[in-house]
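Working notes for the structure below.
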Amino acid sequence: MICTDPDMPLEKILQYYIWRWDIEVNHRDEKQIIGVGQAQVRSEKSVNRHPTFAVASYSMLLLAAARAYGLNATEGTLPPPKWRNQENKQRISTQKLIQQLRSEVWSYALEQNKANSNDFVTQIEMNTKCPELRLPLYSTVLYASTG
């Protein structure tokens, strides 16, 4: 940690360092998870627009999470599986937010498919293995995660 102002109070220096760390984590997530700078597009306009679109999508994901769970939330709506490390987190990870988004989108799509189709089973089987987590079978499958 470097500070060019020798008269700045230590508390302020530490606060700026913490804010800077969050910015670095956001940059890492944007590059490694969201894929900023890794566009597989051919059009010149697409090449120029992809980073902006990816960062805007990431921002919307973070804003939606802040609105849904609060600014200081460390977990989403689904509890972590028993085999996951139960360490205390500073914030909800981007991977967790993407997992939650995928789960909600796929769950909605499967519900729509079930409602608009006669070919699928109409009976929803409930997950009985975990009594405190009563989810339909498809939500239970989407709940499973890797990593």
With the dipole of the range 1-71 worked out from charges on the C-beta (+1 for Lys and Arg, -1 for Asp and Glu) around the Cα centre, which of GLN40, ILE23, PRO51 lies farthest toward the positive end? GLN40
7 Å from Cα along Cα→Cβ at both GLU44 and ASP7: what's the point-to-point distance in nm? 5.3 nm
Mind checking the range 16-64 for trypsin sites (Lys or Arg not before Pro) that DSSP puts in a loop (not H, G, I, E or B) and that have at most 16 other Cβ atoms within 10 Å? ARG42
Nearest 20 debye, what's the magnitude of the dipole of the range 1-71 about its Cα centre given +1 on Lys and Arg Cβ and -1 on Asp and Glu Cβ? 460 debye
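None of the figures in this text is laboratory data; all of them are computed from the coordinates on show. Please read these numbers as outputs of a predicted model, since none were measured by experiment. Note that we place each Cβ from the backbone using ideal geometry, even for glycine, and neighbour counts take in every protein chain shown.
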